[in-house]
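Novice: After the structure tokens below, expect a handful of questions from me.
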Amino acid sequence: MAIASANTRSRTWRWVLRIGLLVLVALVIIAVVRTMHDLNVGAIGTALGRLRWWEIVVLLAVLVLRQLLSALPLTIYIPGVTFWRAFATDVTALTTAAFASAPGKIAARVAIFSSGGISTGSALAGSVLNTLTMFVARFGIPIVGFLLVAVTGAYRPLQLLDMVSLAFAAVLVAAMLMVASAQETALRLGRWAGRVAQRFRPRVEPERWAQACATFQQAAAGGLPRRLPRASLVLAVMLGVEFALVLLAFRFVGVTPSDASTLAIATIFFFAYPLTMFPLQGVGVVDVAILLALFGTGGGPAVDAATAGLLIWRALTVAGPYALAAIAVGIWRALARRQARRQHGHPQRRPVD
């Protein structure tokens, strides 16, 4: 009873924290945008009203392409996984992450993979590697911003932060590659963790923990030096597609090239993207960084249109996967029920003589 009560309090505090963060983000957006420009809510609504039906279709198509590319690395890291199952797992995990802790996200992925006959070890290792590769892409993508700065000669205020981001991405890649040849280290680490846990729970067997760590390491390290570059390239293309989504949203609501050139938007977007590490993909933090870098303390009507474009981008990338997940989970459950019926079958009737 005490454990259940503690879990309930923990979940309550997590929700309170999330709501508090959302309120704080909203206040930051309002304060910063009002400081740099007298935000015109009516003008934002007018900009949103400029969207035509075919433009919405284009934006949705780009969103689907983004999510397909997001799921592709799972097929690289987990042998035997079909692309459809990887897609269903990815969008479902994104939805789960918004309402549950990180273990819940991993559990959702493992459950869907296991229903397709994938071992738990392979599913867990592949999911972890996929997440780490996304971190590499997120913190490494500013390299594109630096290349664009070299072309345009523009200076952006986030460059120091992005140099730290690139350094972190490099360290993360080095650590992942070390996993490929560290089975003995995994054994020692698992044995040490088991001994520590044994002090609190005498039934724990350190050797079993050591073997579990070694099994995970083996599943994660198989062909990693070959798979990591492929998965990273796919996710880099995915981020390029996400930039296209932002650019199209800007242009569709009236941000013209004279207001903000494509190169300027690209440079700022790739420099700001590491900030998506914050909750809810950095909602508010990234948006304010982009607006400030594009328009500084002015910008006139373009700020209102750009704000509308960012709202469209957020609606698609935050809420869009939820809709895709609902569709994917519905199909997955239908297929799972059909597979269960095939496995168990129905009692065959004896033929009538």
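Novice: Please report Thr133, Thr215 as a ranked list, fewest other C-beta atoms within 10 angstrom at the top and most at the bottom.
Specialist: Values: Thr133 25, Thr215 17.
If I rank by nearby Cβ atoms, fewest first, I get Thr215, Thr133.
Novice: How much length, in nm to one decimal, is gained on full extension between Ala111 and Val241, taken as 0.36 nm per residue of separation minus their Cα-Cα distance? Please list the in-between numbers first.
Specialist: On the way: separation 130, 0.36 × 130 = 46.80 nm, distance 2.89 nm.
Result: 43.9 nm gained on full extension.
Novice: Would you mind ranking Phe87, Phe168 so that the residue whose beta carbon has the fewest other beta carbons within 10 Å leads the list?
Specialist: Values: Phe87 21, Phe168 17.
Fewest-to-most Cβ neighbours within 10 Å comes out as Phe168, Phe87.
Novice: Also, I was wondering about something else. Need one number: nm distance between label points at Arg50 and Met163, each 7 Å from Cα along Cα→Cβ, rounded to one decimal.
Specialist: 3.8
Novice: Just add up the charged neighbours of Leu74: K/R +1, D/E -1, any other residue whose Cβ is under 10 Å from the Cβ of Leu74. Before the final figure, lay out the partial values.
Specialist: Details: positive: Arg85, Arg109; negative: Asp90.
Once all neighbours under 10 Å are counted, the net charge is +1.
Novice: Going by how many other Cβ atoms sit within 10 Å of their own, how do Trp53, Trp313, Trp192 line up, fewest first?
Specialist: Lowest count first: Trp53, Trp192, Trp313.
Novice: Sticking with the crude label model, points 7 Å out along Cα→Cβ, report the distance from Ile331 to Ala182 in nm, one decimal please.
Specialist: Here the modelled spin labels are 3.8 nm apart.
Novice: Principal axis extents for the range 218-341, Cα atoms only, whole Å, descending order, please.
Specialist: 62, 36, 24
Novice: While we're here: Given R₀ = 25 Å, what would the calculated FRET efficiency be for Ala61 paired with Arg342, taking r from the Cβ atoms and rounding to 0.05?
Specialist: For R0 = 25 Å, the calculated efficiency reads 0.15.
Novice: Using each residue's phi in the range 141-150, evaluate 6.51 cos²θ - 1.76 cosθ + 1.60 at θ = phi - 60° and report the 3J(HN,Hα) Karplus result to the nearest Hz, with x for Gly and Pro.
Specialist: Taking θ as phi minus 60°, the curve returns 5, x, 4, 5, x, 5, 5, 5, 5, 4 Hz for the range 141-150.
Readers should treat all values here as calculations from the given coordinates under stated rules, not as data from a laboratory. The structure presented is a predicted model; accordingly, all values stated were derived computationally and were not measured. All Cβ positions, glycine included, derive from the backbone under ideal geometry; neighbour counts span all protein chains shown.
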